Amino acid sequence: MSKNIGPNPMDIYPNENIKSVCFIKNTIKNTNIQVGDYTYYSDENGCEDFEKRVTHHYDFVGDKLIIGKFCAIASGVEFIMNGANHRMNSVTTYPFNIMGNGWEKATPTLEDLPYNGDTIVGNDVWIGQNVTILAGVKIGDGAIVAANSVVTKDVPPYHIVGGNPSKLIRKRFDDSLIEYLLELKWWDWSREKIFSNLEILCSADLENIKNIK
């Protein structure tokens, strides 16, 4: 592929001079983690190890982490999957069964454990450093999650959230522009179209987006 219209989405390192940034799609092996093109993880201690940031992710539970295209994920992020949940409908939440030595007789069934479904991150989402995202959360396209946040609830498209637990800070744009962008879906454009409209995509004059080629 020509380097003149952007990096190869199949490369691990989009820029060979920056080894702390990886395209996640090309580093993961777990089939229950699905990531779109150009989404990157940044970590000076090993961006190739993004999979380690997805914890309590057990095959027998079956939940998925689904991340869209063009997301920016900073170091220290953690996705806590459904396997972290303890039984809550009994006197104690203590997991006796995993200690063995006879205690396994109290092994819960999957139906006994809280299950919040798949964790889904949309397209063009920016997740700041040291963010924790709980199982089953849905983060909409274009959202921003502030550093050190704990995301316990769904985040609407093009909204900014932050805090522990995270709360809405503000919308990024007015409703009409948000609606326009959700219909535009620029992240699904060809490499050529993205390249030819880079200046518009990166312009602070938001009306320019309506002048796409």
Worksheet item: Cα to Cα, under 18 Å, and not fewer than 8 places away if on the same chain: which aspartates and glutamates meet these conditions relative to K69?
Response: D11, D37, E48, E51, D118, D124, D141, E183, D188, E192
Practice prompt. Net charge near E44: determine it from the other residues with C-beta under 15 Å of the C-beta of E44, scoring Lys and Arg +1 and Asp and Glu -1.
Written response: 0
Worksheet item: Going highest first, how would you order 114-122, 190-198 by mean Cβ packing within 10 Å?
Response: 114-122, 190-198
Response to the item:
Longest principal axis of the chain (C-alpha) makes with the long axis of helix 175-184 (C-alpha) an angle, in degrees to the nearest 10, of 90
Practice prompt. Mind jotting down the three principal axis lengths of region 9-172 based on Cα atoms? Whole angstrom, largest first.
Written response: 54, 35, 22
Worksheet item: Cβ under 15 Å from G142's Cβ, G142 left aside: what net charge do those residues give with Lys, Arg +1 and Asp, Glu -1?
Response: -2
Item to complete: Report the relative contact order of region 146-200, percent, no decimals, based on alpha-carbon pairs under 8 angstrom and at least 6 residues apart.
Response: 23
Discussion item. Run lengths n ≥ 4 of DSSP H only: what is the helix-derived mean residue ellipticity at 222 nm for the chain, with -39500 (n - 2.57) per run over all residues, to the nearest 500?
Written reply: -2500 deg cm²/dmol
Practice prompt. Report the Cys residues of the chain lacking a disulfide-compatible partner, meaning no second Cys Cβ under 4.7 Å from their Cβ.
Written response: C71, C202
Worksheet item: With point charges of +1 on the Cβ of Lys and Arg and -1 on the Cβ of Asp and Glu, referenced to the Cα centre of region 1-93, which listed residue (M88, Y41, G68) lies farthest in the positive direction of the dipole?
Response: M88
Response to the item:
Checking rank on 159-169, 202-212, with mean other Cβ inside 10 Å and highest first, the result is 159-169, 202-212
Discussion item. Taking the number of other C-beta atoms within 10 Å as the exposure measure, put T109, T27 in order starting with the fewest.
Written reply: T109, T27
Discussion item. Taking a ≥ b ≥ c as the square roots of the Cα gyration tensor eigenvalues, with a/c under 1.5 meaning rounded and otherwise prolate when a/b beats b/c, else oblate, which class fits region 173-213?
Written reply: oblate
Practice prompt. Filter the trypsin sites (Lys or Arg not before Pro) in region 74-163 down to the DSSP loop ones having no more than 16 other Cβ atoms within 10 Å, then list what survives.
Written response: K153
Response to the item:
Length-normalised contact order of region 63-167, Cα under 8 Å, at least 6 apart, in percent, tallies to 27
Worksheet, complete the sentence: Violations at 24 Å Cα threshold for listed pairs K19/K153; K25/K193; K52/K138; K19/K193 -> K19/K153; K19/K193
Worksheet item: Can you list the trypsin sites (Lys or Arg not before Pro) in region 24-86 that are in a DSSP coil and have 14 or fewer other beta carbons within 10 angstrom?
Response: K29
Worksheet item: For region 9-172, what proportion of DSSP beta bridges, expressed in % and rounded to the nearest 5, is antiparallel?
Response: 25
Worksheet, complete the sentence: Sparse-neighbourhood loop hits (chymotrypsin sites (Phe, Trp or Tyr not before Pro), region 1-93; DSSP loop; Cβ within 10 Å at most 14 others) -> Y58, F60
Fill in: Relative contact order (percent, whole number), the chain, Cα cutoff 8 Å, 6+ residue spacing
13
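Only the coordinates and a few stated rules stand behind these numbers; no lab work does. Predicted model, so just to flag it, every value in this text is computed and none were measured. Methodologically, a virtual Cβ is constructed for each residue, glycine included, from the backbone with ideal geometry; neighbour enumeration extends over all protein chains shown.
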